[in-house]
Amino acid sequence: MTARPTSTGTTAPPRPAAGDDAARSPRPAPSGPRGTRRGLSPAARKRAEIAFFVAPALALMAVFIALPVLQAVRYSLYRWNGLGPLDEFVGLENYASALDNDVFRDAVANNFLVIAVSIAVQLPLGLLVALLLNREIRGRGFLRVVIFMPYVLAEVVAGVIWVLLLQPRGLVDELFEAVGLGGITQLWLGDPDVALWTVMAVLTWKYLGLAVILFLAGLQGVPEDVYEAAQLDGASWWQVQRRITIPLLGPTIRTWGFLSMIGSLQLFDMVWILTGGGPANSTVTMAIYLINQGTDRGLYGYASAVAVLLFGISLVLAVVYNTLVLSKDREDSPRPRRRKVAAR
């Protein structure tokens, strides 16, 4: 470094050279593993992020699902009318009484019958309607709205409408008589031999739109080049649907089947409005039987046992369906490859 004279004759302090500047500035910490502060590994950071986002949902499930279930199990072990302390412990007597009750067994049978009829009727009918509406036909958008509209109607509104339509000398009877089928008119909701099948017809009308919309959404994922290749091979429309469309629609069908099964087990509102579980308990379901025993008769301990049985049946069926049916989709789906992070 050299000093330089100024205009006043004094000598200015020497300037540091460029090399001296670099020598005096602090050196950055080495980027290797020796001089860095240790943070979370990528795997630990990913687990922390998952826990952060999942924790609120787990807390809600614990408060609104797990805790009520545990409380129901606790109440089911007592003979309790909903008032006062739990002081009459009866153990598993409520469960034994429920399983030995003819009305409860009929309710379980009705729920399983609704599951079977829903899948046997709504599945082929929904597939047929979805395949037709997936084609270029006139008024396709209007038909989709008409078919899906019953599903978005509130159960109370739909139930009251059908009660008015199915009453004696109602619109349904008038239509049958107008087309010359007046001989088949009867008490649609008042005959124990007919009421359950009438309820199932109403349920099909109400929930068919969900199946159609789900199947239509699944059909949008079928690639067009597959259809073109099948047409070049000379396949007919029915062969294309049977060999290509329906197999590729398998995951959507299985998902709809799960939703239909769980909804059939929890069936309450439509049946309650249409028949109230009658006549002569011919349309009673597990949920209606639970309400009758708890709210109407004040047997809250017994009703809690019925609720636990309903939860157990639903859980077992869900696990079995998930293991035997939905597991196929997990096996067929490609597994994501794990990226190896190279050490720097």
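Rule-based calculations on the coordinates, nothing more; no lab input. In this text, all values refer to a predicted model and were calculated from it rather than measured experimentally. FYI the Cβ positions are ideal-geometry reconstructions off the backbone, even for glycines, and counts take in every protein chain you see.
How do 291-297, 84-90 rank on mean C-beta neighbours within 10 Å, highest first?
Those peptides, ordered most packed to least, come out 291-297, 84-90.
Report the label-to-label distance for A66 and Q186 in nanometres (one decimal), using points 7 Å from each Cα along the Cα→Cβ vector.
Between A66 and Q186, the label points sit 5.1 nm apart.
Of Y75, Y289, how do they rank once you tally other Cβ atoms within 10 Å and put the fewest first?
Y75, Y289
Compute the projected area of the convex hull of the Cα atoms of the stretch 112-282, averaged over all viewing directions, and report it in nm² to one decimal place.
For the Cα atoms of the stretch 112-282, the hull's average projected area reads 11.7 nm².
How many angstrom separate the Cα center of the stretch 49-87 from the Cα center of the stretch 176-193?
47
How much of the calculated P(r) for the stretch 46-85 lies past 13 Å, in percent of all Cα pairs?
Counting every Cα pair in the stretch 46-85, those more than 13 Å apart make up 64 percent.
Quick one: order L181, L99 by neighbouring beta-carbon count within 10 Å, fewest to most.
Fewest-to-most Cβ neighbours within 10 Å comes out as L181, L99.
What nm value, rounded to one decimal, do you get for the distance between A229 and N101 when each label is placed 7 Å out toward the C-beta?
For the pair A229/N101, the computed spacing is 5.7 nm.
Starting from the amide H of Y78, placed 1.01 Å from N in the peptide plane, find each other amide H under 5 Å away whose residue is 5 or more places distant or on another chain.
Those qualifying (amide H under 5 Å, at least 5 residues apart or on another chain) are V90.
Determine the dipole magnitude for the stretch 123-268: charges of +1 sit on the beta-carbon of Lys and Arg, -1 on that of Asp and Glu, nothing else is charged, the reference point is the Cα centre, and the result goes in debye to the nearest 20.
Charge dipole of the stretch 123-268: 240 debye, to the nearest 20.
How would you order 228-241, 148-161, 100-113, 44-57 from highest to lowest mean count of nearby Cβ atoms within 10 Å?
Averaged packing, sorted descending, gives the order 100-113, 148-161, 228-241, 44-57.
Stretch A154-A280 to full length: gain in nm at 0.36 nm per residue minus the Cα-Cα span?
The span from A154 to A280 would gain 42.7 nm if fully extended.
Return the FRET efficiency for the residue pair A43, F89: r is the Cβ-Cβ distance, R0 is 51 Å, and the value is rounded to the nearest 0.05.
It comes out at approximately 0.55.
Label points 7 Å out from Cα along the Cβ direction at Y321 and F258: separation in nm?
Computed distance between label sites Y321 and F258 equals 0.9 nm.
Just subtract the alpha-carbon distance of Q220 and N81 from 0.36 nm times their residue separation and send over the number in nm, one decimal.
That pair, Q220 and N81, stretches by 44.7 nm at full extension.
Can you tell me the length gained on complete extension of the stretch F142 to A55, counting 0.36 nm per residue apart and subtracting the Cα distance?
Gain in length upon complete extension: 27.0 nm.
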